[in-house]
Amino acid sequence: MNNQDDIQILIIDDNELYCKMLVKLIEKMGMTSRYETTLKMGIETAASEAFDVVFLDVNLPDGSGLDGIPLLREGVSPPEIIIITGVGDADGAEIAIQNHAWDYITKDVSLQSMKLSLDRAIEYRRQKKAATSNIVLKQDGIIGKGPLISNCLEQAGKAAITDSPVLILGETGTGKEVFAQAIHDNSPRTKGDFVVVDCSALPDHLVESTLFGHKKGAFTSADSDRIGLVEQAHDGTLFLDEIGELAVHYVNHHPCFADRGPYIFSQDILEALQAYSWPGNVRELFNTIDYICSENPLESEIFTMHLPTHIRAEITKNRIKASGDTALAKQAPCGDNGDRKLIPLKKLLEQTRFDYIKKLISVTGGDIAEACRVSELSRGHLYDLLKKYQLRS
């Protein structure tokens with residue numbers, strides 16, 4: 001990758017040997033980095049300086065790294081967060097992705113895998129910055145400059161570029177209509193009408209007539225032709241307020257992106273699309289593609305990070321589970337006749353790991369170099385396991 005000098009990386013991990021190993025890797029990639037060994041110091045450093053990517057350990061002396069994700073992501077341009085952990089946990093992976101972490105990886109992966117995750121995060125961030133810098137939003141009536149309002153404005157700017165349906169969520173009085181107006185004012189449809197429909201106030205027997213119009217004589221009180229609000233909003237914007245109370249309209253067409261080039265699907269998202277179970281079948285797939293296109297109208301390459309959070313969470317959780325199952329299969333005894341009492345898989349995995357590390361240290365006499373050679377674990381991973389199980393080398 002080019003122009004790496006402006007990329008800043010923060011590592012938060014209490015294992016200094018592992019931190020120094022990551023620093024060397026990052027330096028070889030042409031970037032600069034620094035590390036902190038506590039969650040508190042890591043959060044303070046991230047708040048005082050601008051970082052592009054944060055490597056974040058889970059088990060820290062003063063708390064869980066998972067709890068620190070929301071704090072690290074505060075601000076207008078939060079860093080991409082790569083969770084690193086000595087022992088993978090499917091539930092922890094799900095929590096991390098739901099909190100918008102970029103990736104969740106275990107420390108026993110190869111340096112090449114670590115580098116690949118970092119490369120993809122940086123490329124995603126560059127495209128995101130480039131796309132955001134092209135959005136200049138008129139925000140009449142919208143007051144505030146904090147990180148939350150800035151994020152809302154960024155989302156509104158993206159929505160204004162496309163013709164896709166937009167869902168605006170918020171409590172009564174938080175300004176949904178103001179944002180809808182801003183999206184209309186900044187869209188190519190701004191010369192058309194901005195038509196507001198209060199769905200909660202529409203009588204059931206007038207819903208169809210109000211939205212789609214009617215011809216004279218269509219029903220008893222139809223004494224003249226009437227143009228519906230949907231037609232009135234043609235070439236403009238139709239804002240269906242309180243749509244959550246009766247669903248009165250569904251736009252069943254794919255948004256037109258003919259005026260821009262095709263999207264490039266990165267290798268990681270192709271793998272992710274294949275890994276997801278798609279319980280909603282083809283419809284869910286099409287809706288997901290619509291979501292990706294409408295959320296990222298100016299970005300040319302699509303990454304796994306562009307997927308809806310619930311899909312990313314399931315994919316990552318399943319990956320960590322699969323990794324644990326593979327490790328168990330390698331160590332599980334053969335010839336089981338079904339006589340043993342089954343215990344929860346997670347508990348069995350933990351007990352298996354504990355027994356293995358305890359025996360490893362005993363057999364190698366506490367020689368870390370020899371233990372790493374025998375187990376094929378990295379020093380960082382082994383130190384994390386010793387710390388987790390409170391074992392001494």
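Return the total of residues in region 153-200 being open to solvent by 40 Å² or more (accessible area, probe 1.4 Å) and assigned to a helix (DSSP H, G or I). Within region 153-200, residues that are open to solvent by 40 Å² or more (accessible area, probe 1.4 Å) and assigned to a helix (DSSP H, G or I) number 7.
Out of I105, I95, which single residue is free of Cβ contacts under 8 Å to residues at least 24 places away in the same chain, surrounded by fewer than 24 Cβ atoms within 10 Å (Cβ to Cβ) and either within 21 Å of L386 (Cα to Cα) or of a type outside the set (S, T, Y) (or both)? Don't jump to the end; show me each part of the working.
Values: I95 fails: free of Cβ contacts under 8 Å to residues at least 24 places away in the same chain.
Just a single option satisfies the conditions, and that option is I105.
Put simply, of T190, T132 the only residue that is modelled with pLDDT under 75 and of a type outside the set (D, E, K, R) is T132. Right, Q8: open to solvent by less than 30 Å² (accessible area, probe 1.4 Å) and either at pLDDT below 95 or within 19 Å of I105 (Cα to Cα) (or both) or not? So Q8 fails the test. The condition (being over 25 Å from Y104 (Cβ atoms) and either modelled with pLDDT of 75 or more or open to solvent by less than 70 Å² (accessible area, probe 1.4 Å) (or both)) is satisfied by just one residue among S323, S300: S300.
Go through G30, G88 for me and flag whichever is among the small types (G, A, S), under 19 Å from G380 (Cβ atoms) and assigned to a loop (DSSP other than H, G, I, E, B). Give the derivation first.
On the way: G30 fails: under 19 Å from G380 (Cβ atoms).
Step by step, each of G30, G88 is checked, and only G88 is among the small types (G, A, S), under 19 Å from G380 (Cβ atoms) and assigned to a loop (DSSP other than H, G, I, E, B).
Every test in (1) surrounded by fewer than 16 Cβ atoms within 10 Å (Cβ to Cβ); (2) under 14 Å from the mean Cα position of the chain (by Cα) is passed by L111 save one, and that test is (2).
Condition check ((1) assigned to a loop (DSSP other than H, G, I, E, B); (2) among the hydroxyl-bearing types (S, T, Y); (3) modelled with pLDDT under 75; (4) over 27 Å from D185 (Cβ atoms)) across all residues:
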position	(1), (2), (3), (4)
E231	no, no, no, no
D235	yes, no, no, no
L238	no, no, no, no
L246	yes, no, yes, yes
H254	yes, no, yes, no
R260	yes, no, yes, no
E271	no, no, no, yes
P279	yes, no, no, yes
S294	no, yes, yes, no
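Once region 19-60 is narrowed to residues that are open to solvent by 90 Å² or more (accessible area, probe 1.4 Å) and within 21 Å of K387 (Cβ to Cβ), the residue that is nearest to the chain's Cα centre (by Cα) is K40. Screening E44 with (1) in contact (Cβ under 8 Å) with a residue 12 or more places away in the chain; (2) not in a loop (DSSP other than H, G, I, E, B) gives one miss only, at (1).
The values are calculated or read from the model by the stated rules, or taken from the named source; none is laboratory data. Predicted model only: the values in this text are computed from it and were never measured. No Cβ is skipped: glycine too gets one built from the backbone with ideal geometry, and neighbour counts run over all protein chains shown. SASA here: full protein model, heavy atoms, side chains in, ligands and nucleic acids out. Shrake-Rupley method; radii C 1.70, N 1.55, O 1.52, S 1.80 Å.
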